[in-house]
1. Got a sec? How would T101, T59 order by Cβ neighbour count within 10 Å, fewest to most?
2. Considering the Cα trace of segment 91-170, what is its radius of gyration and what is Dmax, both in angstroms?
3. Is segment 33-170 rounded, prolate or oblate when judged by the Cα gyration tensor, a ≥ b ≥ c being the square roots of its eigenvalues, rounded requiring a/c under 1.5 and prolate requiring a/b larger than b/c?
4. Normalised by the empirical 2.2 N^0.38 Å for globular proteins, what value does the Cα Rg of segment 76-116 take?
5. Once you have all Cα-Cα distances for segment 102-146, histogram them in 5 Å bins from zero and send the whole-percent values.
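Bear in mind that the values in this text are calculations on the coordinates, not laboratory data. This is a predicted model, so every value here is computed, not measured. Methodologically, a virtual Cβ is constructed for each residue, glycine included, from the backbone with ideal geometry; neighbour enumeration extends over all protein chains shown.
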Amino acid sequence: MKKKNWKRSLALLFGGFIGIALQASSFAQIKSWGVISDVSQRFQVLASFNSQAVLDRVTGLIWEKSPAALSVAGISASFLCSGKMIDNKMGWRLPKIEELTSLIVVNPLNQNLTLPAGHPFHNVTTGNNDCFWSSSVSAGDPNKLLCMPVDGPGLAVVDKGTSHPFWCVRGNAN
């Protein structure tokens, strides 16, 4: 009986240390967002994905280098990301709006959202008031998702049934 209590106490103690370490790690990750301003240092094209994916060193997320030139409904976008395979690697998903916007800077000339100059991505301009799907549901209407333009004005709230392009991501979704 005493051995079990001892083991339980030890497990709780180590569990506490692990919890603190995980919280510190999460804080370090959040704290690091936005630190790398040099685009050549921020983004790394990954050879391990046949150079078809890009690591964002600020967020730790891996993005498709070149999203499909395809517009689909929101549910289809989520499904297509879930089934995506790049260089035999799965685990892709539709990004949250916060993840999408972490890639963006505001163009000082016209206040449009845009990718930073020198980024390694291809096929990511939406234009014509279009936007990339996110997995983030509108707080005001569960039938709508948030959508982010590239080279366009601010975020949009759109019906899940409308067609828009999508950009898949891999990594922590917490």
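1. The fewest-first ordering by Cβ neighbours comes to T101, T59.
2. Considering segment 91-170 through its Cα atoms, Rg and Dmax are 12.3, 38 Å.
3. oblate
4. Numbers: Rg = 14.1 Å, N = 41, 2.2 N^0.38 = 9.0 Å.
With N residues counted in segment 76-116, Rg over 2.2 N^0.38 Å equals 1.57.
5. 5, 16, 22, 23, 17, 11, 5, 1
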